[in-house]
1. Residue by residue through segment 161-210, note down the ones that are among the aromatic types (F, W, Y) and more than 30 Å from K460 (Cβ to Cβ).
2. Hey, can you tell me all the residues within segment 146-191 that are within 15 Å of the ligand (Cβ to nearest atom), β-branched (V, I, T), crowded, with 22+ Cβ neighbours inside 10 Å and in a helix (DSSP H, G or I)?
3. Just one of the numbered conditions (1) part of a helix (DSSP H, G or I); (2) surrounded by fewer than 22 Cβ atoms within 10 Å (Cβ to Cβ); (3) touching a Phe, Trp or Tyr at 6+ places or on another chain (Cβ under 9 Å) is not true of Q211; which one?
4. Which of the following residues is surrounded by fewer than 20 Cβ atoms within 10 Å (Cβ to Cβ) and not in a loop (DSSP other than H, G, I, E, B): A260, A292, A310?
5. Just need a number here: residues in segment 446-477 that are in a helix (DSSP H, G or I) and crowded, with 23+ Cβ neighbours inside 10 Å.
6. Scan segment 121-137 for residues that are more than 17 Å from A377 (Cβ to Cβ) and either modelled with pLDDT under 95 or not acidic (D, E) (or both) and jot them down.
7. Could you say which residue among Y87, Y171 is farther than 29 Å from G336 by Cα and touching a residue at least 60 places away in the same chain (Cβ under 8 Å)?
8. Consider segment 315-330. How many of its residues are closer than 23 Å to F142 by Cα and out of contact with any Pro (no Cβ under 9 Å at 6 or more places or on another chain)?
Amino acid sequence: MDVAASVQRLRSGKSAEFPAEATTLAFAQSLDAQDVIGHLRNEFIIPTRKSMKKTALDGTIPGQKATAASSETTNGTTKEEDQEIIYFVGNSLGAQPKAVREYVHAQLETWCSIGVNGHFRTLDNSPLTSWLTMAEDCSRKFAPIVGASPDEIVTMNSLTMNLHLMMASFYKPTPKRHKIILEWKPFPSDHYAIESQITWHGLDPKKSMVQLTPDNANFYISTDQILAAIDEHAEETALLLLPGIQYWSGQLFDIPRITAHAQSLGIVVGWDLAHGAGNVELSLHDWNVDFACWCTYKYLNAGPGAIAGAFIHERHGRVTFDESTGAPIFRPRLTGWYGGDLSVRFNMDNKFLPTPGASGYQCANPSAIDMAALSGALSVFEKTDMKTLRDKAVLITAYAEYLLDDMVASEKRDTPSFRIITPHDPRERGTQLSVLLREGLLDRVQANLEEAGIVCDKRKPDVIRVAPVSMYTRYVDVWRFMETLRKTLDEEETQ
Ligand SMILES: Cc1ncc(COP(=O)(O)O)c(C=O)c1O
């Protein structure tokens, strides 16, 4: 199969045209052999079947024993317990990059060796910058991932906190314009953040929240429908806040078109990119997005609850000075000392002068250990680029879809065991496929997958989300996943 031509087809919205032998293990292996970023898997520690069963710390790291002779069977293969699991939950919590360990250890050594001087000094051989500049270093690494200049990115807090900080600055309701447009099934935290911001302003969420609803049983919201809803509420809307990728259905929205349309009607536009950053190509600056926030523990692999990122378009980060008084003029926001310009931050004179750009939206001193983990995780992205990651993602996801479709097509039952609710068009999805199972199947499927050393995530009552993240997933992992699912469903059929 011509991989480059298939990627091109998929990127233009067409199907990949897999050959008849695509359902064989040999075919999956042939795709792995052509994978130009297959080596990136070595940058990660993937849990093993044995490590997944750990109940106490024992000083072992998954995979280390698997390379030792002790983990080999007599014919040279890896013992089952030392085999890496199939990790399909990178859309929830990314696997651990080896660099995260290295960077966190470097941080711990720096702290215990030079104490407070670590704020200003870097040790030779350290992958880290001084603590004072680590947030900027992370922003520099974020820049090509989200398509922005480093000055438009700030590394701080976690996602929900950043949504609140952004809304504090960008949601300015008036009696006429007070609505926030969101989608029908936002992640609960986004819903609560929006709802509470509205209440905080003394307004009624019932009157000020506009939820876009899907237009059919596929849980799909078309761009036209979104634009029509924007038109309908434009005169009363202050803010549009949508997820780049809807966490449940996996639908990727048309960020540039929606942004441009809403802004043309005077609406401020923010995006929650929890499922977009590190997953799909983004051009936040060129798309003229007002602000965006993302977490770093999914496709960016920085660890559970890791420090987050936010984008603020350069036009909102400018600092100018009043000609007569010399007072700084900048976009109102919630402030703290770390948003203060470094040239005066330590003057302690309580005269706030924001750092120009997104950094001026920081409030507090960010955790160096958090930033060490993030910096390590982002260093893996420096070994590739978003285009290459996305090229693989469109193909591996299409391959997963092809095998799923094949499975359903070969079923003999009247009601299919599942259907994929994520859009078929690769331009409207990232890496994740959401699979809506027939009622009552979820627990059995999940248990069988786990038993076979496969981890994917479930969203009750009936959805499993499958994410063959391109940085560390092999095509054979997709094939093995499908074989296990097929067996589980066959068993169901014969019962
Ligand atoms: C779309 C979305 N929004 C918000 C959150 C909450 O993020 P945090 O707890 O890091 O604030 C998540 C977490 O998974 C998410 O997926």
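The values are calculated or read from the model by the stated rules, or taken from the named source; none is laboratory data. These numbers were taken from a predicted model, which means no experiment stands behind them. For neighbour counting, all protein chains shown are included, and Cβ atoms are generated from backbone atoms with ideal geometry for every residue, glycine included.
1. Pass one, segment 161-210, residues among the aromatic types (F, W, Y): 170-171, 184, 187, 192, 200.
The answer is F170, Y171, W200.
2. Matches in segment 146-191: none.
3. Single failed check for Q211: (1).
4. A260
5. Final tally of qualifying residues: 2.
6. Answer for segment 121-137, where residues must be more than 17 Å from A377 (Cβ to Cβ) and either modelled with pLDDT under 95 or not acidic (D, E) (or both): R121, T122, L123, N125, S130, W131, L132, T133.
7. On the way: Y171 fails: farther than 29 Å from G336 by Cα.
Only one candidate passes the filter, namely Y87.
8. 2
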